[in-house]
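Since the structure comes first, as structure tokens, the remarks are kept for the end.
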Amino acid sequence: MSMNNDPEVQRRRLRIALREFRQARQLTQKEVALELDWSTSKLIRIETGESSISVSDLRALLAHYEVSDADHIDRLVEMAKIAKRQTWATYRDIMSPALLQYLGYESSASRIRQFQPLLVPGLLQTEEYANAIIRTYSPPSLSSDDVERLVRARLERQELLSRDEAPMLYCIMDEAAVRRAVGRPGVMFRQLEWLKVLNERPNIHIQVIRFDAGEYRGLTRPFTILDFPNPADDDLVHLEGGRDETISAQEEVANYIDLFFQLEDLATPKARLNEVIDELIVHHAGPSRPKVTTG
């Protein structure tokens, strides 16, 4: 297994490996915790990824599971060290743990498939569009400086689309996301033009489901499917709205992949995006002001 340096990916791999070691020994979490003089909740948090594990605790756990291969132990120890790093730690005072975890996964993905029914997705937003959205949806208690930090974090996320070996991004939006005016005059025009620019990149595919498609499955909730370059890392689904949630159960993930394929069939193809955007630009410009004549 190749070593990925993203903390969230390594934390996920490590917790899966530790759970599999325990299950192979046919031990319950309560039995293991009792033998190691730990609380059961400590082991549960480690296996669910809520808590990192120290190297000393990891070695004790592996010894209890009778894992003796030195190379395997070294790889697991390296995983634990990477997992303790906090890539997005500077934002943990203004971001939820679920969002911080998602950002780690997103930055390690090789393919991102995203559906957004209401807003332009964060990875495609211009700075002024992001500023308008974040200021609107942030709680009143959030300071202006923290709002600016959230905008900066969103722009940092977008850097993954321009790096070497950038992920493939397949993005589908409902027409409502691009027809709704956001921000002061001019913001939406520049956002729409930016979508046209992004769609020219070979690793970015943008599609729009037009209003005349009618109702369809998935209309009410945005979701993102993440694929990873290492076959050992299962796909994930991230759900937004109300409470952020990450799904790893592969049967559920497969359902969302199937749904995404259905949405692709409903949406206008990548090659027709400019046609759709140009129509929407006219919509946002509004009717021409009639000339005033004097008699």
For the stretch 65-119, give me each residue that is farther than 20 Å from Asn230 by Cα and of a type in the set (D, E, K, R). Glu66, Asp69, Lys84, Arg85, Arg92, Asp93
What number of residues within the stretch 194-204 satisfy the criterion of being surrounded by 15 or more Cβ atoms within 10 Å (Cβ to Cβ) and more than 15 Å from Gln158 (Cα to Cα)? 1
Restricting to the stretch 174-214, and then to whatever is among the polar types (S, T, N, Q) and either in contact with a strand residue (DSSP E or B) (Cβ under 9 Å, 6 or more places away or on another chain) or at pLDDT below 95 (or both), can you tell me which residue is farthest from His283 (Cα to Cα)? Asn203
Determine the pairs where a residue that is on the phi < 0 side of the Ramachandran plot, located within the stretch 105-120, has a partner that is in a strand (DSSP E or B) and of a type in the set (Ser, Thr, Tyr) with Cβ atoms under 6 Å apart, the partner being 6 or more residues away or on another chain. Arg113/Tyr170; Gln114/Thr224
Since Ala254 meets every condition but one in (1) modelled with pLDDT of 90 or more; (2) outside any helix (DSSP H, G or I), which condition does it not meet? (2)
Mind checking whether some residue in the stretch 136-154 is open to solvent by 20 Å² or more (accessible area, probe 1.4 Å), farther than 15 Å from Leu226 by Cβ, touching a Ser or Thr at 6+ places or on another chain (Cβ under 6 Å) and of a type in the set (Phe, Trp, Tyr)? no
Among the residues of the stretch 108-116, are any part of a helix (DSSP H, G or I) and either under 13 Å from the mean Cα position of the chain (by Cα) or among the aromatic types (Phe, Trp, Tyr) (or both)? yes
Between a residue in the stretch 237-249 that is without any contact (Cβ under 8 Å) to a residue 24 or more places away in the chain and any residue that is open to solvent by less than 50 Å² (accessible area, probe 1.4 Å) and in a loop (DSSP other than H, G, I, E, B), which pairs come within a Cβ distance under 8 Å, given they are 6 or more apart or on different chains? Leu239/Pro222; Glu240/Pro222; Gly241/Pro222
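Give the residue that is most open to solvent (accessible area, probe 1.4 Å), with candidates limited to residues of the stretch 205-251 that are of a type in the set (Asp, Glu) and assigned to a strand (DSSP E or B).
Quick first cut of the stretch 205-251, residues of a type in the set (Asp, Glu) only: 212, 215, 227, 233-235, 240, 244-245, 251.
Still in the running and assigned to a strand (DSSP E or B): 227, 245.
Working: Asp227: 10, Glu245: 66 Å².
By that ranking, first place goes to Glu245.
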Working only within the stretch 70-118, note down all residues that are in contact with a strand residue (DSSP E or B) (Cβ under 8 Å, 6 or more places away or on another chain), of a type in the set (A, V, I, L, M) and either open to solvent by 10 Å² or more (accessible area, probe 1.4 Å) or farther than 15 Å from Gln158 by Cα (or both). Ala98, Leu118
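Listed here are the residues, each with its yes/no results for (1) under 30 Å from the mean Cα position of the chain (by Cα); (2) surrounded by fewer than 16 Cβ atoms within 10 Å (Cβ to Cβ); (3) of a type outside the set (A, V, I, L, M, F, W, C).
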site	(1), (2), (3)
Glu8	yes, no, yes
Glu20	yes, yes, yes
Gln26	no, yes, yes
Leu34	no, yes, no
Trp38	no, no, no
Arg45	yes, yes, yes
Thr48	yes, yes, yes
Ser56	no, yes, yes
If a residue has to be of a type outside the set (D, E, K, R) and open to solvent by 30 Å² or more (accessible area, probe 1.4 Å) to count, how many in the stretch 58-69 make the cut? 4
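The values are calculated or read from the model by the stated rules, or taken from the named source; none is laboratory data. This is a predicted model, so every value here is computed, not measured. So basically every Cβ, Gly included, is an ideal-geometry build from the backbone, and we count neighbours across all protein chains shown. Each accessible area value is taken on the protein alone, full model and side chains, heavy atoms only, with ligands, DNA and RNA left out. Shrake-Rupley method; radii C 1.70, N 1.55, O 1.52, S 1.80 Å.
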